[in-house]
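Here is the structure we will look at, set down as structure tokens.
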Amino acid sequence: MNPFPSGGASGSGRGSEREPAGEFDLIERFRRRIGSNASRVSIGIGDDCAALRFPESAAPGAPELLVTTDMLMDGRHFDLRVHDPVAAGRKAMGVNLSDIAAMAGEPLAAVVSVALPRRGASELAEALMEGLWGMAREFGVELIGGDTNGWDGPLVISVTLFGQAGPRGPIRRSGARAGDRILVTGPLGGSLAGRHLEPRPRVAEAAALARGLPPSAMIDLSDGASSDLRHILKASGNLGATLDAASIPIHPDAEALARRDGRSALDHALHDGEDFELCLTAPAEAVARWRESGAGGAEAIEIGVVTEEPGVRMRLPDGRVVEVPRGGFDHLRSRAGGEPGSETESGSAHQ
Ligand code: ADP
Ligand code: MG
């Protein structure tokens, strides 16, 4: 989730030298302060899920337990004045499923906590849970508990999802190497037109990729392709990337938004959030072998290559190579993707 300005430290023109730290600076601070017991915690703060190891004596050969949590707020991640609470419930489960997919894990069980506005609480809860349960059933997730509160504020819903790592273990953000190809599982951009409320978590696709490739690193696209790719590059030792503009799959929603707001469709594809596709890296030979094998199970579109040189660049159709700035591409100064300012009338902020 990204409730904070992503451009904080670099100056987003908000005037103060004491701007609040961005979300990722805060999380990094928490991570350093908290630390973790490495014999139990195989993945702590900083990836799409945490992973816990069971003591070998208690559970020989048990896969690691994956845990992820995401909180959604009315007026922020959806807007109940215009959105159906059933869809909000589906989204609350879907965004968590997407994080399990990002590790190529299998979702198992969830706990759900809600803070309900007192007015109309029970009808709202019914609709919300209908969406949530529906999505859970589709993905074989058991609902095993939660917490229900009422208050005078807007609806807040938090889902914590447990899963198990696949046979090859969790796929982390940190395994990319220079020379690896960068791939995405589907077209990007424009999800704020409505798709953001209908995430289709790529759980089966991730499992197929883990079996067939496997990816060296993977993340789900919640904050926007350029921002989420940067998480892989940073976690993998401050690597960089060169993207190929002509290869980036652009969703028709991005084209439609571009016609309305004057930003380019490519800008939307790079920087809009909540695509809930996967972005992954894998050595070129593995990608070639996988394609030859016809293994399938997932779409995987090659969009660029990982480089030793840090930063994200893009090769334009005319051959020029340009820097891809953090957040915005064409309109960096006036707006930056991933900031609250990028919210639209649909009322969604990025996960
Ligand atoms: P995602 O977009 O995949 O849900 P986030 O960007 O929300 O991931 O979080 C990145 C990492 O930081 C995750 O490992 C998450 O568990 C961790 N994290 C986020 N907020 C906190 C917090 N308040 N305390 C500890 N860890 C946190
Ligand atoms: Mg994620």
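The values are calculated or read from the model by the stated rules, or taken from the named source; none is laboratory data. Quantities reported herein were computed from a predicted structural model and do not represent experimental measurements. When we count neighbours, we look across all protein chains shown, and the Cβ atoms used for this are built from the backbone with ideal geometry, even at glycine. Only protein heavy atoms, including side chains, enter the accessible area calculation; ligands, DNA and RNA are left aside. Shrake-Rupley method; radii C 1.70, N 1.55, O 1.52, S 1.80 Å.
Considering only alpha-carbon pairs that sit under 8 angstrom and 6 or more positions apart, the relative contact order computed for the chain is 22 percent. In the full protein context, the chain carries 46 Å² of accessible surface per residue, based on a 1.4 Å probe and ignoring ligands, DNA and RNA.
Counting only DSSP beta bridges with both residues in the range 110-255, the antiparallel share comes to about 40 percent. Its Cα centre serving as origin, the chain has a Cβ charge dipole (Lys and Arg +1, Asp and Glu -1) of approximately 720 debye. The range 62-105 and the range 210-255 have their alpha-carbon centroids 20 Å apart. Let me have the relative contact order for the range 111-221, percent, based on Cα pairs under 8 Å that are six or more residues apart. Relative contact order comes out at 33 percent. For the chain, the pair-distance distribution built from all alpha carbon pairs, in bins 10 Å wide starting at 0, is 6, 25, 34, 26, 9, 1, 0 percent. Using just the helices of the chain, give the 222 nm mean residue ellipticity in deg cm²/dmol: DSSP H runs with n ≥ 4 each add -39,500 (n - 2.57), and the total is spread over all residues, rounded to 500. So the calculated ellipticity at 222 nm is -8500 deg cm²/dmol.
Comparing Arg260, Arg53, Arg118 in a Gaussian network model of the chain (Cα springs below 10 Å), the most mobile by mean-square fluctuation is Arg260. Across the accessible surface of the chain, with the other protein chains kept in place and a 1.4 Å probe, carbon and sulfur atoms take up 52 percent. Taken about its Cα centre, the range 27-117 carries a charge dipole of about 360 debye when Lys and Arg each add +1 at the Cβ and Asp and Glu each add -1 at the Cβ.
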